[in-house]
Amino acid sequence: MTTPIHFDDYAQAYDAALNQGLAATGEAKDYFARGRIQWLSRCLQQLSEQPRLLMDYGCGDGSSSEFLLV
């Protein structure tokens, strides 16, 4: 039986692991964060939704939240 890994135990190494996973793409995490936010924006526009609040939950270390505020 393996011990579950909680994000708090992993948080300090998150960026290093993410960068290792993204190394093959040649892009940084911000590139993909912006792409996800642009996709979300298009979806919300199609639904005629204009959210006033946001919650960045379960999305890594929260560093992409700043892209949601644009």
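The values are calculated or read from the model by the stated rules, or taken from the named source; none is laboratory data. Because the structure is predicted, anything quoted here is derived from the model rather than measured. For neighbour counting, all protein chains shown are included, and Cβ atoms are generated from backbone atoms with ideal geometry for every residue, glycine included. The accessibility values were calculated without ligands, DNA or RNA, using every heavy atom of the protein model including side chains. Shrake-Rupley method; radii C 1.70, N 1.55, O 1.52, S 1.80 Å.
If only one of Arg52, Arg42, Arg36 is touching a residue at least 12 places away in the same chain (Cβ under 8 Å) and open to solvent by 100 Å² or more (accessible area, probe 1.4 Å), which one is it? Lay out the reasoning, then the answer.
Details: Arg52 fails: touching a residue at least 12 places away in the same chain (Cβ under 8 Å); Arg42 fails: touching a residue at least 12 places away in the same chain (Cβ under 8 Å).
None of the other options fit; the residue is Arg36.
Looking only at residues of region 1-23 that are farther than 18 Å from Gly62 by Cα and open to solvent by 100 Å² or more (accessible area, probe 1.4 Å), we find that the one that is modelled with the lowest pLDDT is Met1. Determine which single condition Leu47 fails, assuming it passes every other condition in (1) touching a Leu at 6+ places or on another chain (Cβ under 8 Å); (2) exposed (fewer than 10 other Cβ atoms within 10 Å of the Cβ). Condition (1) is where Leu47 drops out. If the condition is being among the polar types (S, T, N, Q) and not in a loop (DSSP other than H, G, I, E, B), then region 3-28 contributes Gln12, Asn19, Gln20, Thr25. For the subset of region 55-70 comprising residues that are assigned to a loop (DSSP other than H, G, I, E, B) and hydroxyl-bearing (Ser, Thr, Tyr), which member is surrounded by the most Cβ atoms within 10 Å (Cβ to Cβ)? Result: Ser64. Across region 24-33, the qualifying residues are those that are open to solvent by less than 100 Å² (accessible area, probe 1.4 Å) and within 13 Å of the chain's Cα centre (by Cα), and the one among them that is nearest to Leu69 (Cα to Cα) is Ala33. The set of residues in region 8-33 being touching a residue at least 40 places away in the same chain (Cβ under 8 Å) and acidic (Asp, Glu) consists of Asp15 alone.
Residues in region 35-54 that are in contact with a Ser or Thr (Cβ under 8 Å, 6 or more places away or on another chain) and either in a helix (DSSP H, G or I) or modelled with pLDDT of 85 or more (or both): Arg36, Ile37.
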